[in-house]
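Data first, discussion second: the structure below is written as structure tokens.
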Amino acid sequence: MPILKIIRYGAWAAVALLTFAAAAITLGWWRVDGPGRPGSGAAMSTPLADVGGPFTSTDHTGRKVSQADYLGKPTLVFFGFTHCPEVCPTTLFELTTLLGKLGLEADKLNVLFVSVDPERDTPEQLSLYLQSFDPRITGLSGTQAEVDAALKAYKAYAKRIPTQDDYTMDHTASVYLMDAEGRFRSLIDYHEEQDSALAKVKLLLKR
Ligand code: NI
């Protein structure tokens, strides 16, 4: 009966496709907040030399800064923007909780919130916005060229999306864990369990 054979092959094909999709989702090939994923959490012991690198910017106090200002301490790097409706405030709130759990240990970290929306995110705007979160989080807002260079260095992604009356930004939602020498070590994914994120940061501090 050829029709039964067709059904049987069809079923097998569907199973194979579902297995592939499940594996892809598990490995994180598809993400909540756009592409730009540089590696998985398993990268903790094998730094990806090509993620991160020199950058220049202006911090939320108006000071000109560069990567050199943050070397010597492990650094958490997160790209976002102050008009973000969900991903950024959620992540900054979770980072605030995490820094609170670390207590004084958190003083041994830099935490950088790098704006991908320099048009609206002036240092003053960043300063105002960050008042809602842990004071140890530093906001950075460079020129568009500086932002583009930082995004490229971190293999991160940001895209301007027009809305009815304004625009929003789609952007990489992961937090980059960089060691004291500025080498990429791991990522905290959006909505990652707090315990898992805390363990990753503690490991980063131990290095
Ligand atoms: Ni955001």
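Of all residues in the range 159-201, those being open to solvent by 60 Å² or more (accessible area, probe 1.4 Å), more than 15 Å from the ligand (Cβ to nearest atom), under 17 Å from T96 (Cβ atoms) and touching a residue at least 12 places away in the same chain (Cβ under 8 Å) number 0.
If you go through the range 129-141 and keep only what is of a type outside the set (K, R), in contact with a helix residue (DSSP H, G or I) (Cβ under 7 Å, 6 or more places away or on another chain) and assigned to a loop (DSSP other than H, G, I, E, B), you end up with F133, D134, S141. For the condition in contact with a strand residue (DSSP E or B) (Cβ under 6 Å, 6 or more places away or on another chain), part of a strand (DSSP E or B) and either free of Cβ contacts under 8 Å to residues at least 12 places away in the same chain or open to solvent by less than 20 Å² (accessible area, probe 1.4 Å) (or both), L126 does not qualify. Being of a type in the set (F, W, Y), loosely packed, with under 12 Cβ neighbours inside 10 Å, modelled with pLDDT of 65 or more and not in a strand (DSSP E or B) is the requirement here; does W12 meet it? It is true that W12 is of a type in the set (F, W, Y), loosely packed, with under 12 Cβ neighbours inside 10 Å, modelled with pLDDT of 65 or more and not in a strand (DSSP E or B).
Take the range 70-103 and flag every residue that is within 16 Å of the ligand (Cβ to nearest atom) and within 23 Å of V51 (Cα to Cα). Give the steps one after another, and end with the answer.
Step one: filter the range 70-103 for residues within 16 Å of the ligand (Cβ to nearest atom), giving 76-96.
The answer is L76, V77, F78, F79, G80, F81, V87, C88, T91, L92, L95.
Here D148 fulfils each of the conditions (1) surrounded by fewer than 23 Cβ atoms within 10 Å (Cβ to Cβ); (2) in contact with a strand residue (DSSP E or B) (Cβ under 7 Å, 6 or more places away or on another chain) apart from (2).
Residue-by-condition table, conditions (1) exposed (fewer than 14 other Cβ atoms within 10 Å of the Cβ); (2) more than 17 Å from T168 (Cβ to Cβ):
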position	(1), (2)
C88	no, no
L112	no, yes
P135	yes, yes
K155	no, yes
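Set side by side, the residues E124, E146 differ, and just one is closer than 17 Å to D59 by Cβ and more than 18 Å from the chain's Cα centre (by Cα), which is E124. Taking (1) farther than 15 Å from D59 by Cβ; (2) surrounded by fewer than 19 Cβ atoms within 10 Å (Cβ to Cβ) in turn, L99 satisfies each apart from (2).
The values are calculated or read from the model by the stated rules, or taken from the named source; none is laboratory data. The model shown is predicted, which means the values in this text are computed figures rather than measured ones. Because the Cβ atoms are built from the backbone with ideal geometry, glycine has one as well, and the counts that use them run over all protein chains shown. When the accessible area is computed, the model is the full protein with side chains, heavy atoms only, and any ligands, DNA or RNA have been set aside. Shrake-Rupley method; radii C 1.70, N 1.55, O 1.52, S 1.80 Å.
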